[in-house]
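Presented below is the structure to which this report refers.
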Amino acid sequence: MAFEFDIERLRHLPETPLRALKRSFWWLRKTFFSKPKPDNPAVVVAMDEPEVDAFLGEHFFEPGWEMSYHYRNEIVNVRRAQYVRDHPTGMKWWQTHIRGYAHPDGIELAAHFEPEPAEHPDAHVDGNHIDVPRGNATLVGILVEEGVAFERIGDWSDADETTDRVTTSVDA
């Protein structure tokens with residue numbers, strides 16, 4: 001059996017195969033790498049999924065599902081990478097990761113700060129450096145800055161001083 005390579009088909013590469021590959025990763029992730037939703041503190045905003053995606057996208061968050069576990073009933077998964085010059089761990093690249101879940105009053109958003117997976121894959125996977133208060137402080141700071149109303153839910157007792165300075169609810 002002889003195999004031939006059709007160079008002309010490469011012009012269609014961006015159209016179909018990559019979309020199919022992305023869809024395959026999405027299916028594999030949801031099928032084999034799903035976990036129950038964590039019981040982390042979160043905020044609820046009166047937005048729908050497209051509004052949350054647009055709002056967070058305007059604050060430099062990008063879709064981040066390709067490299068992360070899927071949590072059941074998750075409908076939003078975005079991240080924003082940043083360079084941290086003097087982190088105590090010595091790792092330089094980090095991300096604020098926000099997941100969203102349907103809620104009767106809008107979308108429940110839960111955030112955490114963690115090593116960026118492409119730069120620090122082992123540290124990212126081991127999960128020893130996840131900082132929920134710092135992630136939530138970033139999220140709450142953006143909501144407050146933009147005047148977006150939100151309600152805190154869950155246990156915020158471990159919140160750091162940054163999130164403690166923000167009131168439980170903010171009216172738009």
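The values are calculated or read from the model by the stated rules, or taken from the named source; none is laboratory data. No experiment lies behind these values; they were computed from the predicted model shown. Counting neighbours? That spans all protein chains shown, and the Cβs are built from the backbone with ideal geometry, glycine included. In case anyone asks, the SASA skips ligands and DNA or RNA and just uses the protein heavy atoms, side chains included. Shrake-Rupley method; radii C 1.70, N 1.55, O 1.52, S 1.80 Å.
Some notes on this structure:
- Of the residues GLU62, GLU66, the single one that is touching a strand residue (DSSP E or B) at 6+ places or on another chain (Cβ under 9 Å), over 21 Å from ASP105 (Cβ atoms), at pLDDT below 95 and open to solvent by 60 Å² or more (accessible area, probe 1.4 Å) is GLU62.
- When region 85-100 is filtered for residues that are of a type outside the set (Gly, Ala, Ser) and either touching a Leu at 6+ places or on another chain (Cβ under 7 Å) or closer than 30 Å to GLU49 by Cα (or both), the ones remaining, listed by number, are TRP93, TRP94, GLN95, THR96, HIS97, ILE98, ARG99.
- Region 78-97 residues that are over 19 Å from GLU62 (Cα atoms), paired with ones that are open to solvent by less than 50 Å² (accessible area, probe 1.4 Å) and in a loop (DSSP other than H, G, I, E, B) (beta carbon under 8 Å, 6 or more apart): MET91/VAL84; MET91/HIS120; LYS92/VAL84
- Within region 79-100, the residues that satisfy the criterion of being touching a Phe, Trp or Tyr at 6+ places or on another chain (Cβ under 8 Å) and either open to solvent by 10 Å² or more (accessible area, probe 1.4 Å) or of a type in the set (S, T, N, Q) (or both) are ARG79, ARG80, ALA81, GLN82, TYR83, VAL84, HIS87, LYS92, TRP93, GLN95, THR96, ARG99.
- Among the residues of region 140-155, the one identified as modelled with pLDDT under 95 and either more than 18 Å from PHE113 (Cβ to Cβ) or over 19 Å from the mean Cα position of the chain (by Cα) (or both) is ASP155.
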